[in-house]
1. Any residue at all in region 72-94 that's modelled with pLDDT of 90 or more and loosely packed, with under 13 Cβ neighbours inside 10 Å?
2. Go over the candidates Gly48, Gly3, Gly32 one by one and state the one that is in contact with a Pro (Cβ under 9 Å, 6 or more places away or on another chain) and either surrounded by fewer than 15 Cβ atoms within 10 Å (Cβ to Cβ) or over 18 Å from Leu78 (Cβ atoms) (or both).
3. Could you check region 44-162 for helices (runs of 4 or more DSSP H) lying wholly inside it with 3 or more residues that are touching a strand residue (DSSP E or B) at 6+ places or on another chain (Cβ under 8 Å)?
4. Could you say whether any residue in region 140-162 is of a type in the set (Val, Ile, Thr) and either in contact with a helix residue (DSSP H, G or I) (Cβ under 8 Å, 6 or more places away or on another chain) or exposed (fewer than 15 other Cβ atoms within 10 Å of the Cβ) (or both)?
5. Select from region 73-114 the residues that are farther than 12 Å from Val4 by Cβ and among the small types (Gly, Ala, Ser) and list them in ascending order.
6. Are there any pairs with C-beta distances below 7 angstrom linking a residue in region 110-136 that is modelled with pLDDT under 90 to a residue that is among the hydroxyl-bearing types (Ser, Thr, Tyr) and outside any strand (DSSP E or B), with the two at least 6 apart or on different chains, and if so which?
7. Given the criteria under 16 Å from the mean Cα position of the chain (by Cα), assigned to a strand (DSSP E or B) and either among the acidic types (Asp, Glu) or modelled with pLDDT of 95 or more (or both), does Glu28 qualify?
Amino acid sequence: MAGVTIRRGTPDDFTEAQRLNHAHFEYEHAIGCHPQDSFNLNWTYEPGGVEALQKWLSGTPGIAAWFAEVDGRLVGYLMAVAATLDYRTANPMVELRVMFIEEPYRRQGIGTQLMTVFKDWAREQGAKRLKVGSYTPNHQAIAFYRRHGFKDFELYLEQSFE
């Protein structure tokens, strides 16, 4: 898509990061990613969410956020972290933690642009492996990640327990 700018997030992006993160949660909830009453859709605005988003935007080494901007509006984001996992031999591992693009801007190459800057950053971090997770009902995201070279690796199962 012409006219898209991909840029690193800064603390000045906090309010927009909250908006996009909340929209991300609502989207996942709408497509059935969150079992009934198992996800706090307002987390983004609560102390834990505020602290997490501030950390992503802080410029702390090994943590990064990027935004896709179209005509002055932030329409998508990607957040990642580099970590050394003692139980893995291929370190550091870089994980794409969250990625979301607003509906009207999907399937226009923005996700690919975000993925490119993510992979470039992962190389700068010395990554040996990349990791991403997705909720099982999010078929579009899973297909996107597979198109970008990710393979099935791990499966988590969840059960309501009272």
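1. Within region 72-94, the first condition is being modelled with pLDDT of 90 or more, and the residues that meet it are 72-82, 94.
Filter again for loosely packed, with under 13 Cβ neighbours inside 10 Å, leaving 72-73.
Yes: one or more hits.
2. Details: Gly48 fails: in contact with a Pro (Cβ under 9 Å, 6 or more places away or on another chain); Gly3 fails: in contact with a Pro (Cβ under 9 Å, 6 or more places away or on another chain).
Exactly one residue qualifies, and that residue is Gly32.
3. On the way: elements: 47-56, 110-124, 139-147.
The qualifying helices (runs of 4 or more DSSP H) are 110-124.
4. To start, the set of residues in region 140-162 that are of a type in the set (Val, Ile, Thr) comprises 142.
Restricting the remaining residues to those that are either in contact with a helix residue (DSSP H, G or I) (Cβ under 8 Å, 6 or more places away or on another chain) or exposed (fewer than 15 other Cβ atoms within 10 Å of the Cβ) (or both) gives none.
No, the conditions are met nowhere in region 140-162.
5. In the first step, residues of region 73-114 are kept if they are farther than 12 Å from Val4 by Cβ; the result is 77-100, 102-104, 106-107.
If the condition is that a residue be farther than 12 Å from Val4 by Cβ and among the small types (Gly, Ala, Ser), then Ala80, Ala82, Ala83, Ala90 are the ones that fit.
6. Once the first residue is modelled with pLDDT under 90 and sits in region 110-136, its partners that are among the hydroxyl-bearing types (Ser, Thr, Tyr) and outside any strand (DSSP E or B) give Ser134/Tyr145.
7. Values: under 16 Å from the mean Cα position of the chain (by Cα): yes; assigned to a strand (DSSP E or B): no; either among the acidic types (Asp, Glu) or modelled with pLDDT of 95 or more (or both): yes.
Taking the combined requirement at face value, the residue does not satisfy it.
The values are calculated or read from the model by the stated rules, or taken from the named source; none is laboratory data. Being a predicted model, the structure only gives us computed values, none of them experimental. For neighbour counting, all protein chains shown are included, and Cβ atoms are generated from backbone atoms with ideal geometry for every residue, glycine included.
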